[in-house]
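Participant: A single structure is presented below for examination.
The values are calculated or read from the model by the stated rules, or taken from the named source; none is laboratory data. None of these values were measured; they are calculated from a predicted model. Cβ sites come from the backbone with ideal geometry, for glycine too, and all protein chains shown count toward neighbours. Protein only, heavy atoms only, side chains kept; ligands, DNA and RNA dropped before computing areas. Shrake-Rupley method; radii C 1.70, N 1.55, O 1.52, S 1.80 Å.
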Amino acid sequence: MTLDEVDRVLLRELQRDGRASYTALAEVTGLSAPAVRQRVQRLRDEGVVQIVGVTDPMALGLPVMALIGVRVDSDVHEVADRISELSGVIYVVLTAGSFDLFAEVVCREPAELLSVLNDHVKRVPGVTRAEAFTYFGIHTHRFAWPGV
């Protein structure tokens, strides 16, 4: 999909405040509110943007967070699908390097993280190694992407 400057302005504004009204966005872009609504809907339909509420795991009682590096000896897509279904897994990415995929996990307590890792991730067919990198805190978490 080709983005024009108006699309980029809309994306920047939505990254700053995903609850911005179409009227407020119209003022910034110079379009009418209905035209803005149509543009935003097109961006959503094309998968360019999702408008979601972002939560803080710690505020939700999930203070134990980790990135799990996983090595696979079979179809990485199938393994990623299985790991994606596990409770506590909030995202899975396919990677290059010493790990084939990473899964981010949020849990209520360390024992729950141990269970996710030992009782579930390591038992997925095709997983040859899984290593947890426990978070001590989130240093930077951005929602605005450069170049938009």
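Participant: Determine the shape class of segment 101-140: with a ≥ b ≥ c the square roots of the Cα gyration tensor eigenvalues, call it rounded for a/c under 1.5, and otherwise prolate if a/b is greater than b/c, oblate otherwise.
Facilitator: Because a/c hits 1.5 or more and a/b fails to exceed b/c, segment 101-140 counts as oblate.
Participant: Measure nothing fancy, just the Cα-based angle from helix 5-16's long axis to the longest principal axis of the chain, in degrees from 0 to 90, nearest 10.
Facilitator: Between helix and principal axis, roughly 60 degrees.
Participant: Please give the FRET efficiency for Leu67 paired with Glu5, using the beta carbon to beta carbon distance and R0 = 25 Å, rounded to the nearest 0.05.
Facilitator: 0.10
Participant: I'd like the Kirkwood hydrodynamic radius of the chain, using the inverse of the mean 1/r over distinct C-alpha pairs, in Å. Show your work: numbers first, answer last.
Facilitator: Numbers: mean 1/r = 0.0561 Å⁻¹.
Answer for the chain: a Kirkwood hydrodynamic radius of 17.8 Å.
Participant: For q values of 0.11, 0.13, 0.17 Å⁻¹, compute log₁₀ I(q)/I(0) with the Debye formula on a Cα-only model of segment 57-135, without solvent.
Facilitator: Those come out to -0.24, -0.33, -0.57, one per q.
Participant: Just to be sure I understand the curve: with the Debye formula and one point per C-alpha of segment 5-46, what is log10 I(q)/I(0) at q = 0.31 Å⁻¹?
Facilitator: -1.24
Participant: Give me the percent of accessible area attributable to carbon and sulfur for the chain, probe 1.4 angstrom.
Facilitator: 51 percent
Participant: Whole number in Å², please: accessible area per residue of the chain, 1.4 Å probe, ligands, DNA and RNA not counted.
Facilitator: Computed with neighbouring chains in place, this is 65 Å² per residue.
Participant: Hey, how many Å between the Cα centroid of segment 77-98 and the Cα centroid of segment 104-132?
Facilitator: 11 Å
Participant: What is the helix-to-structure angle for 33-45, meaning the angle in degrees between its Cα long axis and the longest Cα principal axis of the chain, kept from 0 to 90 and rounded to the nearest 10?
Facilitator: Orientation of helix 33-45: about 30 degrees from the principal axis.
Participant: With r as the distance between the Cβ atoms of Gln15 and Asp119 and R0 = 25 Å, compute the FRET efficiency 1/(1 + (r/R0)^6) and round to 0.05.
Facilitator: 0.10
Participant: Long-range amide H contacts for Tyr135: which residues qualify at under 5 Å (H placed 1.01 Å from N, peptide plane, sequence gap of 5 or more or a different chain)?
Facilitator: Met65, Ala66, Leu67
Participant: If the chain between Gln38 and Ala24 were fully stretched, how many nm would it gain, using 0.36 nm times the residue separation less the Cα-Cα distance?
Facilitator: Length difference between fully extended and current span is 3.6 nm.
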